[in-house]
1. At a 10 angstrom cut-off on C-beta neighbours, averaged per residue, how do the peptides 35-48, 193-206 rank from highest to lowest?
2. With a point put 7 Å past each Cα toward its Cβ, work out how far Thr109 is from Ala39 in nm, to one decimal.
3. With an 8 Å Cα cut-off and a minimum separation of 6 or more residues, compute the relative contact order for the chain in percent.
4. I need the P(r) histogram for the chain: all alpha carbon pairs, bin width 10 Å from 0 out to the longest distance, whole percents.
5. Going through the stretch 1-72, which GluC sites (Glu not before Pro) have at most 13 other Cβ atoms within 10 Å and a DSSP loop state?
Amino acid sequence: MAVPATSRVIRTFEDRADALSHFFQRAGEAPRLIAYDDAVGLPLDQALAALEWTAQLGILLPDDVVHGARLDPDSAAVVVERKDDEGQHVYVYFGPRMDAPPADPYESTLLYDQPGVRAYIFVDRGHAIAHFLRATHGRGAALSLLSRRAPELRHIRRWTEALFAEPAVSRSTQLLAGWYATSGAGFLFIPSDSDDPFAYCEVTIEG
């Protein structure tokens with residue numbers, strides 16, 4: 001995916017409240033993802049690989065809207081919003097079969113069950129998110145919270161690629177919160193060590 005010339009600004013904060021205050025001020029009304037466990041965060045360094053293989057397999061689509069995502073070294077799970085064949089908005093959970101409970105989740109339809117992934121369709125966002133948290137226990141997960149809409153997958157991929165176009169030197173890649181818009185994105189990272197500061201990185205189109 002081609003990324004135009006970008007500029008980036010990195011700020012550090014010793015205080016968690018100051019870091020979050022700056023994040024929300026910069027985010028404005030932009031769609032955002034927030035870590036379910038703010039002591040663990042979401043390992044963003046694994047996001048590019050996950051986005052690549054799910055796109056190659058046709059699991060995730062560019063127009064998908066991300067309501068929840070979980071990443072770890074061996075697997076990934078996600079809840080996306082998309083339109084079905086009749087033009088209705090539905091919520092689709094994709095996750096590894098090992099994460100799925102024995103019984104089908106409440107108010108869902110099994111989309112497919114393959115060796116590497118199981119998918120369910122939900123009409124209600126709450127049911128989809130509830131199943132996502134039940135299946136993943138929230139470990140390494142982020143949810144779309146405190147915003148009027150969830151971020152589009154195309155923007156998450158575009159700006160994550162731009163972020164990692166430069167190496168993350170001496171900085172954690174555990175995402176506490178991120179906002180994503182057409183013109184840019186902002187990422188707030190949890191410190192790797194208790195003595196390290198919170199790091200906020202914003203990537204935007206130049207000009």
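1. Descending packing order for the listed peptides: 35-48, 193-206.
2. According to this spin-label approximation, the distance is 4.2 nm.
3. Computed value for the chain: 34 percent relative contact order.
4. Reading the bins upward from 0: 9, 36, 36, 16, 3, 0.
5. On the way: sites: Glu14, Glu29, Glu52; in loops: Glu14, Glu29.
The qualifying sites are Glu14, Glu29.
We did not get these values from a lab; they are worked out from the coordinates using the rules stated. Keep in mind the model is a prediction, meaning the values are calculated, not measured. FYI the Cβ positions are ideal-geometry reconstructions off the backbone, even for glycines, and counts take in every protein chain you see.
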